[in-house]
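Please treat every number below as a calculation from the coordinates, not as lab data. Remember, it's a predicted structure, so these values are computed and weren't measured experimentally. Glycine gets a Cβ as well: all are built from the backbone with ideal geometry, and neighbour counts include every protein chain shown.
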Amino acid sequence: MTDTRADIPSVVARTRPLAAGAPVVAAHFLQETAVFVLGEEALLLLPRADEARRPTVHAGAVLSSAANATRVVTGGDDGKVVATDAEGKSTTVATDTGRRWIDHVAVGPSGALAWSAGKDAFVRASTGAARTLALPSTVGGLAFAPKGLRLAIAHYNGLTLWFPNALTEPERLAWKGSHLGALVSPDGRFVITSMQEPALHGWRLADRKDMRMSGYSARVRSLDFSVGGKWLATSGSRELILWPFQGKDGPMGKTPRVLAPAEVQAEVVASHPKQDVVAVGYADGLVLLVRIEDGAEILARKGTGAPIAALAWSASGTALAFGAEDGEAGVIDLG
Amino acid sequence: MPDKLPVTVLTGYLGAGKTTLLNRILSEPHGHKYAVIVNEFGEVGIDNDLIVGADEEIFEMNNGCVCCTVRGDLVRIIDGLMRRKGKFDAIILETTGLADPAPVAQTFFIDDNIGRKAKLDAVVAVADAKWLKDRLKDAPEAKNQIAFADVILLNKTDLVASDELGELEARIRGINPYAKLHKTQRCNIALLEVLGRNAFDLDRILDIEPEFLADATHHHQDHDHHHEHEDGHHHHHGGGLKHYHDEEMQSVSLKTVDPIDPDKFFPWVQDLVQKEGPNILRCKGILSFKDDDERFVFQGVHMILDGDHQRPWQPGEKRESRIIFIGRNLPEAKIREGFAACVA
């Protein structure tokens, strides 16, 4: 069964389609240029008013990516961390000495960069050499706090907060189970991890109070705070799940808002940078824009294909890039 | 839905010949490309740009269940390999000699992302004919690997006398009567016997059934060698096999032609694997439910069960329900009693 959402407003006609020619695994924007990360070797850059170009960035699989306003940083199974700008110019930022896979990358404030290979996490401020922290198990995810040089590192049985410039020991937040992704709230008060089981875990950093967010039908592989951090949008269900983070207790003792039900799993979520709107990509290729306030939906792509693997908004919120597992991609102009 | 990539798991106690088998698989001119996950680089003598080192990180889940474990490194590695899936046809995973195959198998059931893209093809255990008897006494890991396997290579048969070999076979059968058993030297085996087995495919549960359930009750007196050798390759043994009952690891086979009540069966089997899950290594079965024209098949590893309606019963097909459990110190009488009570 395919969900075409035939009766809702549509922006499908404003799509500039692109056949990536390879599975898309992530998407980012560098100003007005959409950047699609391909599963192997290359990026696909689509400037707003120009032809696409396809710089090669790794000799093998591209395992991870992150971006700030000026560059997309990727980690590969060739052991390299590579930064690429909007012109497609790539620089190798680091090469793992053991040529291990670069499983995760993150970009932080003021040009800071982090990556991980196996049980080692690395941080490099905009200047200076990289610092290393050995973790008790393989790193499951990395996220910078919004301010200062603080890195949240998810791993087995908890999360480590690392302050590379401070003399203090890294702080360990324990919670049993395997933590596979990390995210810090925009106000820096909460840190969230996605777990191996279909659940999220969170800690309020002020008092380290635990928060459990469960009820999912699948492992949560995509989570994103809405603008201003009022809501945490997540995949992992056949709906868009939104946990309330407005109050001082975050979602503790609250139930999530559940919007945009579909016949298949929501795979990717991406919050609009300026409005309380979330783009949701589903396992049948459907993409919806969902207004958090009232659940109103706009059709951005029909659900007639492969699972959506990537969604990204431009910084202005006027363009949405999507990419699917079968290499179908596009940019929707909402300006 | 694109085809899922098959994953073959090679197990075997230290020195049994896993690496020999792996090198054989990689070097034969079969026209396939394999991605290989190994524990020790360097032992693999073949050039292959798709070799990945594993860490064997076993992660428990946060659900209070000690046997619900996954191989955390596999979640990461298979996801990474999938990004290059046009570059190879299958994945071969070599485990360490002391590894428990269960967390590997459970990874495919528990992690929906892995389960969607890859599937377990078979667990292959390589056993050293010269030392297996000793290992079954002193190494629980070795017995575990035999009990868990879909395919067993009794290797280095040139190092033991033929009567000793017959005894080893009987000991293996006492633990796991359902696996395909091959006797090899230097892991010399047709690769089709090891790869592409579909042993975890629910649709295939019946295909391996006639042998595996022909006489699965495990400790009868002097019956013939009913189990194995369906391929007719190596009929060395003259008389009937001796039959060993392993004190610790056994199988229990149940069958009935009476229709089963699903409302009784599911609570019973759920409860059974909840309580006995740590001891049940594997289970599988075919069920004929009351007022149901479709055959239901299921399989499980420890506490994790996976089942589905498979296809309509064919006209003239015998509607019989059959289940097997392989495990440690299984309470056979209690299991039989419980299953009997599921009859509609």
Would you mind giving the mean number of other chain beta-carbons within 10 Å of the Cβ of each residue in A:57-64, as a whole number?
3
Which value in Å does the Kirkwood hydrodynamic radius of chain A take, with 1/r averaged over all unlike C-alpha pairs and then inverted?
19.9 Å
How big is the C-alpha Rg of the stretch A:289-330 next to the rule-of-thumb value 2.2 N^0.38 Å, as a ratio?
1.27
Proximal lysines relative to B:K290, as straight alpha-carbon distance under 21 Å, when same-chain residues fewer than 8 apart are discounted
B:K255, B:K264, B:K318
Backbone HN-Hα couplings from phi across the stretch A:272-288 [Karplus 6.51/-1.76/1.60, Hz, Gly and Pro as x]:
5, x, 10, 10, 7, 10, 10, 8, 10, x, 10, 5, 9, x, 5, 10, 10
Alpha carbon centroid spacing (whole Å) that separates the stretch A:170-234 from the stretch B:50-71
21 Å
Quick one: Debye curve from the alpha-carbon atoms of chain B only, equal weights, vacuum; give me log10 I(q)/I(0) at q = 0.08, 0.12 Å⁻¹ to two decimals.
-0.37, -0.87
Modelled label-to-label distance, A:Q246 and B:A333, 7 Å Cα→beta-carbon offset: nm?
6.4 nm
Compactness of the stretch A:176-253, expressed as Rg and Dmax over alpha-carbon positions, Å:
11.4, 33
To the nearest 0.05, the calculated FRET efficiency linking B:D134 and A:D85 through their beta-carbon distance, R0 being 51 Å, is 0.20
Restraint check, B:K4/B:K87; B:K18/B:K183; A:K89/A:K147, Cα-Cα greater than 22 Å:
A:K89/A:K147
Where the centre of each part is set by its Cα atoms, how far does the stretch B:74-92 sit from the stretch A:137-157, in angstrom?
25 Å
In Å and on Cα atoms, what radius of gyration and Dmax does the stretch B:1-140 show?
15.3, 47
Over the protein assembly as shown: Rg over Rh, Cα atoms, Kirkwood Rh:
1.00
Return the distance in nm (one decimal) between the two label points of a simple spin-label model at B:A341 and A:A130, each offset 7 Å from Cα along Cα→Cβ.
6.0 nm
Put in order of increasing Cβ neighbours within 10 Å, starting from the fewest, A:H155, A:H272 give A:H272, A:H155
Counting other chain Cβ atoms within 10 Å of each Cβ in B:72-85 and taking the mean gives 6
Mind ordering A:86-97, A:7-18, A:294-305 by average Cβ neighbours within 10 Å, highest first?
A:294-305, A:86-97, A:7-18
Eligible aspartates and glutamates near A:K176 by straight Cα distance, threshold 18 Å, same-chain separation 8 or greater:
A:E197, A:D210, B:E57, B:E60, B:D73, B:D111
